[in-house]
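Taking it in order: structure first as structure tokens, then the write-up.
The values are calculated or read from the model by the stated rules, or taken from the named source; none is laboratory data. Quantities reported herein were computed from a predicted structural model and do not represent experimental measurements. Methodologically, a virtual Cβ is constructed for each residue, glycine included, from the backbone with ideal geometry; neighbour enumeration extends over all protein chains shown. The accessibility values were calculated without ligands, DNA or RNA, using every heavy atom of the protein model including side chains. Shrake-Rupley method; radii C 1.70, N 1.55, O 1.52, S 1.80 Å.
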Amino acid sequence: MDAQRTLDPARWRDTIAPGAEEQLLGAIETLRDFPVLDGTVQRIIAIADDPDTTTADLVSCLEADPTFAANLLRYANSAAMARPIRAKTVRQAVMLVGRKSLRRLALETATYRFFEKAPGTGSARGELHVHAISVASVAAAAAEQVRAHGDGPHLGGLLHDIGRYVLPIAFGEEACDAIAAHAPSGPDRVLLERELFGIDHAIAGALLAEAWGISPDVVSAIAWHHGGPTGVACPTAEVACVQVGNEVVHLVAGRDPDHVLLEVALEQAGVPATALDALAQHTIPSARPPSAEPGALARRITETERLSQTDELTGVDNRRHWLHATRAALAEPGGDEGAVLLCDVDELADINREHGLQTGDFVLTEVARILARHGRPGRLAGDLFAVWVREGGEAAASVALRIADEVRAAFAETPGGPEVTVTIGAADAATQGPDLAGVLEAADAAMREAKEAGPHPAAAAFEPFSSPVPAL
């Protein structure tokens, strides 16, 4: 593939700032001579994938590369294999490891060779290799759990960070080191790279992979491993498996994962959040800090799951998780018997200005606490909450009135405190159907109607409303 063509597709050009292409082209040309899939690896993969080949074919290929053969023996006899017997020959190692694991070992060895030979990154080589193998192992385990197609997640995990070799060549190691010192990993690093270079290491790595002729699914996994330009995109389940792998490895290493991307990737891949603990065990031991014993890891994963689903200030569902949970509730048998209440805290800006932000935060947490008594609450925006209640019709209207009364009473006895009221609109799922967007539109219409009726009443409406709900 011609290097110039790797910069032509619109999907890449839209993510590259003007002026960055020439430097990227030079870096890709430099690294073109260090293909990650060398001759031995390609032969091993071809033999392993061909059902008509024999063990003897694999042994002959391996014996022609003493370095790879030594690595295979070392792996076959390692603690990771946990075999009661030791392999003494390449043939025995092949029998112990198996074709599938041998194929993956070939790819991991190829990645290591690239990391050793390619210019750039300096002392980060060892760290990058350990991280790459861990991400690949977790991504492959996630793919196997959901039966995702092929070995793309494994190779995508191995190569997801190869763009970190491209950027130092294109823009200088000193500039890249400065970024790494300020933001070692995650979305903060990606944003800094885009700001300073006009491109991030994910897209740079995808361009290099295209120049090598790597398969499109692996190129996509490299390009999107941080969520792409929006930071939360997961084009396919295979890409999502690599994203999950990357975030889980950061989690195990004691770094804060991208909670939003992790939640979206888990959903796209079809991996339940409860599987994170098991997936984390696929990281290699050297990637785990001493404190990452199973108990501590489980607690950290539990905390990550909580953070990815709850609003930090109030403790109720965050916007994304509430929408997801409510859509699921609507789809359940009997879900059309429930209702959605939209609850707006009146004049919160005035409360913040007159009594201080801390008082405003207290108001929000108290309103959230009251809402939680009556259904499943979520914070959709700054002063806007939603509540899913299991009963619709007059029962939902009655709940809305009780919430309004309880909020008013909760602050009425505080001398010198703010007067706090809420305006609520209710929409019945039975009338609006199973589409959550329609239910929210009707609830928003009812809430606006209630505000116009004033002063601060609760209202319920069960007729459709054509205007969309902003920011939902």
Among what's in the range 314-349 and is touching a Pro at 6+ places or on another chain (Cβ under 8 Å), in a helix (DSSP H, G or I) and of a type outside the set (Phe, Trp, Tyr), pick the residue that is surrounded by the fewest Cβ atoms within 10 Å (Cβ to Cβ).
Ala331
State which residue is farthest from Val130 (Cα to Cα) when the search covers only the range 144-182 and only residues that are at pLDDT 85 or above and touching a Gly at 6+ places or on another chain (Cβ under 6 Å).
Ile169
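Residues checked against (1) modelled with pLDDT under 90; (2) surrounded by fewer than 17 Cβ atoms within 10 Å (Cβ to Cβ); (3) among the aliphatic types (A, V, I, L, M); (4) in a helix (DSSP H, G or I):
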| position | (1), (2), (3), (4) |
| --- | --- |
| Glu195 | yes, yes, no, yes |
| Ala202 | no, no, yes, yes |
| Glu210 | yes, no, no, yes |
| Cys234 | yes, no, no, no |
| Val242 | no, no, yes, yes |
| His250 | yes, no, no, yes |
Can you tell me how many residues within the range 116-140 are modelled with pLDDT of 70 or more, in a helix (DSSP H, G or I) and over 9 Å from Gly245 (Cα atoms)?
9
Condition set farther than 15 Å from Gly334 by Cα and of a type in the set (Asp, Glu), scope the range 382-397, selection most open to solvent (accessible area, probe 1.4 Å): answer is Glu394
Among (1) modelled with pLDDT of 85 or more; (2) closer than 17 Å to Ala27 by Cα, there is one condition Arg189 misses while meeting the rest; what is its number?
(2)
What are the residues in the range 367-393 that are hydrophobic (A, V, I, L, M, F, W, C) and part of a loop (DSSP other than H, G, I, E, B), if any?
Leu380, Ala381
Residues being open to solvent by 10 Å² or more (accessible area, probe 1.4 Å) and part of a helix (DSSP H, G or I): count how many of those fall in the range 403-434.
10
Residue among Ala437, Ala445, Ala400 that is part of a helix (DSSP H, G or I), exposed (fewer than 15 other Cβ atoms within 10 Å of the Cβ) and either out of contact with any Phe, Trp or Tyr (no Cβ under 6 Å at 6 or more places or on another chain) or at pLDDT 85 or above (or both)
Ala437
Between residues in the range 164-189 that are small (Gly, Ala, Ser) and residues that are open to solvent by 10 Å² or more (accessible area, probe 1.4 Å), which pairs lie under 6 Å by C-beta distance while being six or more apart or on different chains?
Ala170/Gln23; Ala183/Arg189; Ala183/Leu192; Gly186/Asp258
Please determine, by comparing only the residues of the range 50-68 that are closer than 19 Å to Leu107 by Cα and among the hydrophobic types (A, V, I, L, M, F, W, C), which one is surrounded by the most Cβ atoms within 10 Å (Cβ to Cβ).
Leu62
For the range 206-224, state whether one or more residues are closer than 22 Å to Ala269 by Cβ and of a type in the set (Phe, Trp, Tyr).
yes
I'd like to check something: does the range 54-69 contain any residue that is over 30 Å from Phe171 (Cα atoms) and modelled with pLDDT under 75?
no
For the range 276-287, indicate whether the set of residues that are under 14 Å from Gly186 (Cβ atoms), open to solvent by less than 10 Å² (accessible area, probe 1.4 Å), touching a residue at least 40 places away in the same chain (Cβ under 8 Å) and touching a helix residue (DSSP H, G or I) at 6+ places or on another chain (Cβ under 7 Å) is non-empty.
no
